[in-house]
Amino acid sequence: MLQGLTDIHCHLLPGVDDGPDEMEEAVRILRKEYDDGVRQLIVTPHYRKGMFETEMEKIVFAYLALRREAMKIDSCLRLYLGCEFHAHSKMEQELEGKIRPTLAGSRYVLTEFSSSHSYERIRNQVSGLCRKGFLPVLAHIERYPCISQDMDRVRDIKACGAYIQVNAGSLLGESGRRTRHFCGQCMKQDLIDFIATDAHGIRQRKPNLLACRKYTEKKMGSDYAEKIFNVNPEYILQNKVL
Ligand SMILES: [Fe+2]
């Protein structure tokens, strides 16, 4: 059993994407996660053709540097490397070629789409990833209108093999009432697999996992909160199928 909370989606590596520019801010975000009771973090820098294509060497360098900072905070604070992979047609080949990492070396892949992607496009990508043995985790599903306007599609995409991740801030209302309502419906209908911060900074899009855990427990009870925040993330870190 893991100690503390696990954040499976956050942008904490300095200077590699639109997360923190400097190590100093990265450490402040990390410290906030720690103060929230987070003890495992999978850092997930963006990978998106034409927008975020930082060389892996630079990412690994930043990751190792941040890991050293984590050790200074507490040796119980564990960092893992992942990636938020923006879907494209050669995605499976790139993953098989290990161009970018999966989540903590598991078969789980944090997969992001554009808000303009059609439902058919998302469904095909999920099926393609599953066929190749990957376990796609849909990053912040609340951001895709083709899904968030139709609850049946949430069920359908899960049936296709996708796992559902929503952002803590979206549930807490930081992205507006509509988004909160959708996330709340997903929660009530037990369609969510993971809740993560998608943290990018210390002022804006800052970590908030503890606040969301408390909110979830109040709404859904302690067993449910335990499942989402403690049990499910362990499946990723142990590379077991949820
Ligand atoms: Fe993200």
**Prompt:** Roughly what would the spin-label model give for residue 118 and residue 90, points 7 Å off Cα along C-beta, in nm?
**Reply:** 2.4 nm
**Message:** Give the residue list of GluC sites (Glu not before Pro) in the range 38-141 that are DSSP loop and have at most 14 other beta-carbon atoms within 10 angstrom.
**Reply:** 53, 55
**Asked** Tell me, what ³J(HN,Hα) does each residue in the range 7-19 have, in order and in whole Hz, if you take phi through Karplus 6.51 cos²θ - 1.76 cosθ + 1.60 with θ = phi - 60° and put x for Gly and Pro?
**Response** 9, 8, 8, 7, 10, 10, 7, x, x, 10, 8, 8, x
**Request:** May I ask you to evaluate 6.51 cos²θ - 1.76 cosθ + 1.60, the Karplus curve with θ = phi - 60°, for each residue of the range 111-127 and list the ³J(HN,Hα) values in order in whole Hz, giving x for glycine and proline?
**Result:** 10, 10, 10, 8, 5, 8, 5, 7, 5, 4, 4, 5, 4, 5, 5, 4, 4
**Request:** Run the numbers on the range 129-242 and let me know its relative contact order in percent, using alpha-carbon pairs under 8 Å that are six or more apart.
**Result:** 20 percent
**Inter-site label distance for residue 177 and residue 28 at 7 Å from Cα along Cβ, in nm** = 3.3 nm
**Asked** Hey, how much of the P(r) for the range 106-165 falls beyond 16 Å, as a percent of Cα pairs?
**Response** 32 percent
**Request:** For residue 224, put the label point 7 Å out on the Cα→Cβ axis and report which residues of the range 169-192 keep their amide N under 13 Å from it.
**Result:** 183-192
**Fill in**
Relative contact order in percent for the range 5-237 (Cα pairs under 8 Å, 6+ apart) equals 21 percent
**Message:** Neighbour counts of other C-beta atoms within 10 Å: give me 60, 154, 43 arranged from fewest to most.
**Reply:** 60, 154, 43
**Request:** Could I get the Rg over Rh figure for the chain? Both from C-alpha atoms, Rh via Kirkwood, rounded to two places.
**Result:** 0.93
**Complete:** Which of 132/158; 158/240; 49/90; 32/188; 90/206 exceed 21 Å between C-alpha atoms? The answer is 32/188; 90/206
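No value in this document is a laboratory result; all are computed from the given coordinates. Computed from a predicted model, the values in this text were never measured in an experiment. Every residue, glycine among them, receives a Cβ derived from its backbone with ideal geometry; neighbour counts consider all protein chains shown.
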